[in-house]
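The values are calculated or read from the model by the stated rules, or taken from the named source; none is laboratory data. Because the structure is predicted, anything quoted here is derived from the model rather than measured. As a convention, Cβ positions derive from the backbone with ideal geometry for all residues, glycine included, and neighbour counts pool all protein chains shown.
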Amino acid sequence: MWKLQTCVSSPGPESPLMRDIRLAVFDFDNTLWENVGAHDRAFMGLVCDLSASSGISQMDIINGMQSVFAEHATMFQYPCAIPCHPALKAAHPGEDLVQRYALEVEVFEKLLQSFVKPYDGIFLLLEGLRARGVRLACYSDASASRVFRQMEELGIGHLFDLVCAADEEDAPFCPDEPVRYVSLEGTCSFARRMAVNTEHGPKSHLEILQAILAEMKVRPDQAVMVGDHPIRDVAMARKCGVVGIYAAWGRKILERLEVLDKVHPYFMRMCAEAKTLSKVDAEFVAEYPESILDFLFGDAS
């Protein structure tokens with residue numbers, strides 16, 4: 001079990017309980033739903049199916065995946081690794097592996113889809129905030145189309161007033177051009193804006209969080225940000241004067257991953273960083289979503 005020391009600001013005149021909170025900004029993946037856990041379980045299913053269909057051991061499938069991702073570290077569409085897999089290529093020389101394993105990929109996608117669910121307590125938190133007059137925004141570096149699609153699948157999109165996500169196009173970054181919003185009216189029932197012109201996606205840029213505050217017409221001291229990343233979510237928020245709330249529930253899955261931490265450099269690094277994390281400097285560390293209502297308003301009812 002990993003130990004996490006939390007550094008929480010002491011209650012006082014500036015405590016959120018004494019503030020007029022009007023906006024809650026949420027990260028998306030691993031804050032509103034368990035992205036890493038869903039992909040880990042579905043990917044393990046793909047490993048098992050590929051092993052059963054090919055006659056190659058699961059360990060060799062895993063080792064081959066590791067070699068592919070070591071070379072293609074930005075590949076997160078995991079079935080895309082199949083045509084590059086050394087053991088599968090050796091077992092089926094000259095064959096179209098995409099076609100050969102199309103059924104296994106289809107099963108993977110359906111399995112992954114079945115895992116797209118909000119965290120327990122998320123509905124209670126979001127609805128509880130709205131019932132208290134707090135508006136909601138989502139700030140994510142995932143692609144806008146995926147965020148919008150999955151928000152509808154999760155059944156939470158209608159609760160949000162603004163969504164800030166990554167541009168779909170690989171447009172060139174221009175350092176002389178300020179970060180700006182483009183309208184997404186008509187994209188789906190709840191989409192409002194999307195941030196554009198960012199060098200590495202929209203996280204974590206202070207100017208974008210500040211733009212969200214301006215868009216929603218709230219001051220920094222009237223907002224909170226909830227996210228599972230100590231730096232890109234919590235520290236960024238605090239630099240803006242926004243209350244930073246650490247969604248500790250979003251990191252618990254890292255202790256029990258089955259396969260992603262063994263094959264993909266990104267998750268290897270994420271797990272290594274989590275093990276060495278000694279403290280999170282946040283106004284509040286939330287072990288579960290409903291506890292945020294208690295922190296902000298004194299009760300979770």
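Among the residues of segment 76-90, are any in contact (Cβ under 8 Å) with a residue 12 or more places away in the chain, under 19 Å from the mean Cα position of the chain (by Cα), over 28 Å from Met225 (Cβ atoms) and buried (at least 20 other Cβ atoms within 10 Å of the Cβ)? Checked segment 76-90: at least one residue is in contact (Cβ under 8 Å) with a residue 12 or more places away in the chain, under 19 Å from the mean Cα position of the chain (by Cα), over 28 Å from Met225 (Cβ atoms) and buried (at least 20 other Cβ atoms within 10 Å of the Cβ). The number of residues in segment 238-292 being surrounded by 17 or more Cβ atoms within 10 Å (Cβ to Cβ) and either assigned by TED's automatic domain parsing to the domain that holds Ser67 or part of a strand (DSSP E or B) (or both) comes to 10.
Here Arg251 meets each of (1) under 25 Å from Gly121 (Cα atoms); (2) basic (Lys, Arg); (3) out of contact with any helix residue (DSSP H, G or I) (no Cβ under 7 Å at 6 or more places or on another chain) with one exception, condition (3).
Taken together, Val218, Val179 contain a single residue that is modelled with pLDDT under 75, surrounded by 14 or more Cβ atoms within 10 Å (Cβ to Cβ), more than 17 Å from Asp27 (Cα to Cα) and assigned by TED's automatic domain parsing to the domain that holds Leu129, which is Val179. With respect to the conditions (1) at pLDDT 95 or above; (2) closer than 27 Å to Asp221 by Cβ; (3) not charged (D, E, K, R), Ala90 lacks only one, and its number is (2). Is there any pair linking a residue in segment 207-218 that is closer than 23 Å to Pro175 by Cβ to one that is crowded, with 20+ Cβ neighbours inside 10 Å and modelled with pLDDT under 90, with Cβ under 7 Å and at least six apart or on different chains, and which? So the pair list comes out as Ile208/Cys164; Ile208/Ala195; Ile208/Pro202; Ile212/Leu162; Ile212/Cys164; Glu215/Leu162; Glu215/Arg193.
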